[in-house]
Amino acid sequence: MIKFEDVSYNHPDGTNALNDINLEIPENSITAIVGNNGAGKTTLVKHINGLLKPTTGTVSIKNNNTKESSVAELSRDVGMVFQNANHQLFADTVENEILFGLNNFGFSEEFIKERYEFVIELFNLRKYENISPLKLSGGEKKRVCLASVLAWNPGILILDEPTVGQDELQKTVLLEFIDQLNKNNKTVIVISHDIEFLWRLQPNIVTMSEGRIIQIGSPEKIFRNKELMEKVGIVPPQIIKIFEGIGIKDKTPLSLEDSCKVIRELRNH
């Protein structure tokens, strides 16, 4: 379990970024953190992998206080894909970028080869193996970052705006992979403004504003609360707007295919 207890954080210049955060993220869960720019989302998750330490309060991972662990120690179990790929990439080739974590953590040659082949195919990166990742497009860079972190199979995965620059096919691949990770007892945390993606993902939603947690709940509960949506600076998924517009305000379909099925049934009645 990831646990925040009375956590506040001030930047070195004194700017307050987090205020009295109390949050529990269960193991083997999918959680999304949403809110407007400057709400404190990225600052919050950087406390999970130890990049930031609380000014006051405690963050613990499986009952281990992050203040007592180094970033290197935490990184073995907590993988993070940054919002800006240029802040994460450094190797001379895509191949070496992906292999860095695998080699650094001392896995067996067999495991390294197996995981490398898995992620290089999953994210369709084979043709870029010998190219510098910094020469790739924004979407391609993001895929390299995802591959490099997912390669070592961390127990906790943090994805900061993972769908930026990705087409619908890659978003679907990512959705399916997150679901598979969850089925394999991984904890996944997603920061995203892509509400349509989150609606399909159906995670537990944590809403934030001005460094505070405002409300936690299911997508159905959170995205139908218009007052809350305005407060945290996001808009509900189009599918909710459409179904509310035709008078259906209870259970909303998750996909376009399901939506068409419901609409056809309505027409037949």
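The values are calculated or read from the model by the stated rules, or taken from the named source; none is laboratory data. Values in this document were obtained by computation on a predicted structure and should not be read as measured data. Here Cβ is always computed from backbone atoms with ideal geometry, including for glycine, and neighbour counts include all displayed protein chains.
When you scan the range 160-183, do you find a residue that is crowded, with 17+ Cβ neighbours inside 10 Å, touching a residue at least 24 places away in the same chain (Cβ under 8 Å), in the same structural domain as I112 (by TED's automatic domain parsing) and assigned to a strand (DSSP E or B), even just one? Scanning the range 160-183 turns up at least one residue that is crowded, with 17+ Cβ neighbours inside 10 Å, touching a residue at least 24 places away in the same chain (Cβ under 8 Å), in the same structural domain as I112 (by TED's automatic domain parsing) and assigned to a strand (DSSP E or B). Quick one: is G138 of a type in the set (G, A, S) and within 24 Å of T172 (Cα to Cα)? Judged against the criteria, G138 is a match.
Among the residues of this structure, V34 counts as one that is β-branched (V, I, T), crowded, with 17+ Cβ neighbours inside 10 Å, assigned to a strand (DSSP E or B) and in the same structural domain as I178 (by TED's automatic domain parsing). Considering only residues in the range 44-59 that are touching a residue at least 40 places away in the same chain (Cβ under 8 Å) and in a helix (DSSP H, G or I), the one that is farthest from the chain's Cα centre (by Cα) turns out to be L44.
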